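Right, one structure below, let's go through it.
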Protein chains: 2
Amino acid sequence: MADIARLAGVSTSTVSRALNHSGLVNQETRERILELASSLNYSINIGAQNLRLQQNRTVAAVVPLDKSTRQQLSDPFLLSMLGGLADVLSEQGFDILVSRVDADQVDAASAPFDSGRVVGVVLIGQGRHHDQLNRMATRGVPVVVWGAQLPQQLYTTVGGDNVAGGRMATEHLLAHGRRRIAFLGDTGLPEAALRHQGYVEALAAYGLAPDPQLQVAASFLPGSGTDAVHELARRGAAYDGVFACSDLMAMHAIHALRAEGRAVPADVGVVGYDDIELAAYFHPPLTTVRQPRDAAARALVAALLARIDGQPVPSSLLPTELVVRASAA
Amino acid sequence: MADIARLAGVSTSTVSRALNHSGLVNQETRERILELASSLNYSINIGAQNLRLQQNRTVAAVVPLDKSTRQQLSDPFLLSMLGGLADVLSEQGFDILVSRVDADQVDAASAPFDSGRVVGVVLIGQGRHHDQLNRMATRGVPVVVWGAQLPQQLYTTVGGDNVAGGRMATEHLLAHGRRRIAFLGDTGLPEAALRHQGYVEALAAYGLAPDPQLQVAASFLPGSGTDAVHELARRGAAYDGVFACSDLMAMHAIHALRAEGRAVPADVGVVGYDDIELAAYFHPPLTTVRQPRDAAARALVAALLARIDGQPVPSSLLPTELVVRASAA
DNA sequence: GTGAAAGCGCTAACAA
DNA sequence: TTGTTAGCGCTTTCAC
């Protein structure tokens, strides 16, 4: 900036004003400065500007990753959520800093906030971090989480209607004559727990009680769908339906079922969750519960900005929708 | 920091030294300061520190996106590359700023560098941006690109061996008796062009010439695989093999073939590219060319750091590998 | 072992 | 319309 000032024969103040399109600069001077700046590929140093202005237009998107398994974040839905967030935040003029933290040290998610790097944090995946998240919120870290609303929650969540999702998925299987429906998902995770609740409700409406033998605590890691089907086989469980808590899991399960010689949907009906892009092209095309990804990204950003603004923001529940294709009919 | 200094009864200089583990601080003073800092959840303001130190440990990962189609980056392989980069960069103590730019304004990719936000740029996807990338490199922007090496290239690329990949895929189909092999990919893109070259070479080794009727300029966008199969049908082209330039495309193509009543691999053998996570669980399990994602992420980061260091960095070619499953046998 | 002072690149009173 | 000056939060000589 000093260089430009020198070359333009003005002070840095004038350059600053010109670059910020302040009206208080002579038309001609302004043009000279702008031309100079663009010919030098000069851009205002954002770090210095932020320091001076005490502002910041960067948000952290944090994905917890399971370091025990050194598992990359690989769930396509969560990954695409990251993409959706990036889009929405760009639109709003925010930059997005992506960081990955150990699932058991989610506190670390606030580091970029504490050090003034970002103005807020979006956590993609609530996991088992309720307490840590509450602690962060208490410390005043503006944090918004993709996940389920929990009692005594001090942070804001945005999530799909998991109970309804679980209910619709199960109802669909029941409506197609399935009576022994396996539930694949880790109810230790709030979202899966709620989907399970929907599952139980749907069963109850048919006068059925959930059979513990049919419940497998499959994680969201790839491969878990396969493992779950093996586990059911090991238990000798009889089932004609599967409700999986993610499409990835459902696809793996279908693959494993096929390996067992069981046809989908003829022998076993399968319903997934998320409606990832590939779901429609899988074989058989996957019946699944759609989560509103774009709306979610929008809601997460809106909530975060409001939080940053100091407003209390209620958690929100986005509608989910059953997409009927062929895997359960 | 001033607060801590006051509370500890020392000057900010001392606080700074203590926080930076400078040996020149009294043991006891240091401890008092550190305790104070952690009890206040204080972290050094990185912006100010960077300004003062003239340093920066942030790298931009830029994904070009096709604004004409408003298409999100959705290719699972590229998305997972982003994940791999995030891992490697974290390991090295770098933060990662993700931005999306219009495919036709890739110049904008250097904005975070010009404004001092990042020390370098990794571009995930070379596309048709050769000239713009050369221009960026000429301006001195440290930029490293996932893509193919091109003549007169001033920037550094890291890429898989596309020619070998194309050759192996095609050879595999040929070895299984396929003679009319469709090529699905846009040869306007450097990587697809090289894969096509491998395809042609493999055909030539069998004394076959490529049939233009069998070449469809399918993009990397989702749905293009489906479109390509429709296009082949429209042309009335006869084929018994398909080499698709991405797994996503291959999966879509298989779906479309099935809709046409053609079995894979019985009627048509299909080979994909990338070896995304789902490839093994697709039906039929996808035979594909594996791209070394983790090695690629590592190489990209190493190249970028060397570039930032001012060293000239040669482009590199990573080995690809044919993963034989069931879709082409 | 510690503090005072200067300066990283920028902006905004305030003065001219 | 422009320049001077101070200061954002930090580190680091230099002096004590």
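The values are calculated or read from the model by the stated rules, or taken from the named source; none is laboratory data. Note that the structure is a prediction, hence the values are computed from the model and not measured. Here Cβ is always computed from backbone atoms with ideal geometry, including for glycine, and neighbour counts include all displayed protein chains. Ligands, DNA and RNA are stripped out before the accessible areas are found, and what is left, the full protein with its side chains, is counted by its heavy atoms. Shrake-Rupley method; radii C 1.70, N 1.55, O 1.52, S 1.80 Å.
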Please give the strands (runs of 3 or more DSSP E) falling wholly within segment A:230-298 in which 2 or more residues are in contact with an Asp or Glu (Cβ under 9 Å, 6 or more places away or on another chain) and more than 14 Å from chain B (Cβ to nearest Cβ). A:269-274, A:287-290
Among the residues that make up segment A:8-15, is at least one of them more than 9 Å from DNA strand C (Cβ to nearest atom) and open to solvent by 70 Å² or more (accessible area, probe 1.4 Å)? no
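Yes or no, residue by residue, for (1) outside the structural domain of B:ILE96 (by TED's automatic domain parsing); (2) within 19 Å of B:LEU82 (Cβ to Cβ):
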site	(1), (2)
B:VAL122	no, yes
B:GLY125	no, yes
B:ARG135	no, no
B:GLY140	no, no
B:PHE183	yes, no
B:LEU203	yes, no
B:LEU214	yes, no
Within segment B:40-53, which residues are open to solvent by 70 Å² or more (accessible area, probe 1.4 Å) and at pLDDT 95 or above? B:ARG52, B:LEU53
Within segment B:78-122, the residues that are touching a Ser or Thr at 6+ places or on another chain (Cβ under 8 Å), open to solvent by less than 10 Å² (accessible area, probe 1.4 Å) and β-branched (Val, Ile, Thr) are B:ILE96, B:VAL118, B:VAL121
Out of (1) in the same structural domain as B:ALA182 (by TED's automatic domain parsing); (2) open to solvent by 20 Å² or more (accessible area, probe 1.4 Å); (3) within 23 Å of B:VAL88 (Cβ to Cβ), what's the single condition that is false for B:ILE276? (2)
Residue among A:GLU231, A:GLU201 that is free of Cβ contacts under 8 Å to residues at least 24 places away in the same chain and surrounded by fewer than 23 Cβ atoms within 10 Å (Cβ to Cβ): A:GLU231
Quick check on this structure: which one of A:LEU286, A:LEU305, A:LEU322, A:LEU317 is under 30 Å from A:GLY93 (Cα atoms) and either open to solvent by less than 50 Å² (accessible area, probe 1.4 Å) or more than 23 Å from the chain's Cα centre (by Cα) (or both)? A:LEU305
Mind checking whether some residue in segment A:57-68 is out of contact with any strand residue (DSSP E or B) (no Cβ under 7 Å at 6 or more places or on another chain), within 8 Å of chain B (Cβ to nearest Cβ) and open to solvent by less than 10 Å² (accessible area, probe 1.4 Å)? no
Being under 17 Å from the mean Cα position of the chain (by Cα), among the aliphatic types (A, V, I, L, M) and part of a loop (DSSP other than H, G, I, E, B), is that true of even one residue in segment B:214-229? yes
Out of curiosity, is A:ALA209 within 30 Å of B:ASP75 (Cβ to Cβ) and either modelled with pLDDT of 95 or more or part of a helix (DSSP H, G or I) (or both)? no
Within segment B:16-39, restricting attention to residues that are within 14 Å of chain A (Cβ to nearest Cβ) and open to solvent by 50 Å² or more (accessible area, probe 1.4 Å), which residue is nearest to B:ALA303 (Cα to Cα)? B:ASN20
